[in-house]
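Encoded as structure tokens, the structure appears first; notes follow it.
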Amino acid sequence: MDARIEDRRRWLDGKIARDSAEFGVTIEGATVIPYDTRSIGAPVVDGDGTRLWLRVVVEDPDYQPACRWDGDVEANAIEGVPKPVVLRWADRTLMASSFPAIACGPS
């Protein structure tokens, strides 16, 4: 793996660890980093035992692809479609309700 990508993965791991503490949740399970390495997510549990999803999105204008959007928060307005609901949003970190994985097709 390219050293720059591995460095970025480690940096993202640090960000989600810091943000999980800030949100008062415990990471429970493996983190997920998409191919573009502009975000990291993980299943978490809050102090009441509620299972949630924590996602950290980073905006780095020098890193490609440099896309910016607020789709996760804006999707709360869509009704009639099963999806996680954003519960808290701080800077570029969001905590959403947990949502079971659904297979989209054969892998």
Review point. Any idea how many residues of segment 4-38 are closer than 21 Å to residue 90 by Cα and among the aromatic types (Phe, Trp, Tyr)?
Key: 2
Check your understanding: Using beta carbons and a limit of 9 Å, which pairs, at least six apart or on different chains, have the first residue in segment 1-24 and surrounded by fewer than 11 Cβ atoms within 10 Å (Cβ to Cβ) and the second one of a type in the set (D, E, K, R) and at pLDDT below 90?
Key -> none
Check your understanding: Does segment 7-38 hold any residues that are in contact with a Leu (Cβ under 8 Å, 6 or more places away or on another chain) and part of a strand (DSSP E or B), and which are they?
Key -> 27
Practice item. State whether the residues of segment 69-79 include one that is surrounded by 14 or more Cβ atoms within 10 Å (Cβ to Cβ), more than 26 Å from residue 2 (Cβ to Cβ) and either at pLDDT 80 or above or not acidic (Asp, Glu) (or both). Key: yes
Check your understanding: Looking only at segment 1-37, which residues are of a type in the set (Phe, Trp, Tyr) and under 13 Å from residue 56 (Cβ atoms)?
Key -> 11, 23
Practice item. Would you check which residues across segment 24-53 are under 13 Å from the mean Cα position of the chain (by Cα), farther than 26 Å from residue 2 by Cα and among the hydrophobic types (A, V, I, L, M, F, W, C) and list them? Key: 27, 44, 52, 53
Exercise for review: Evaluate the following for residue 35: is it at pLDDT 75 or above, aromatic (Phe, Trp, Tyr) and out of contact with any His (no Cβ under 9 Å at 6 or more places or on another chain)?
Suggested key: yes
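The values are calculated or read from the model by the stated rules, or taken from the named source; none is laboratory data. Keep in mind that this is a model prediction, so the values were computed, not measured. For neighbour counting, all protein chains shown are included, and Cβ atoms are generated from backbone atoms with ideal geometry for every residue, glycine included.
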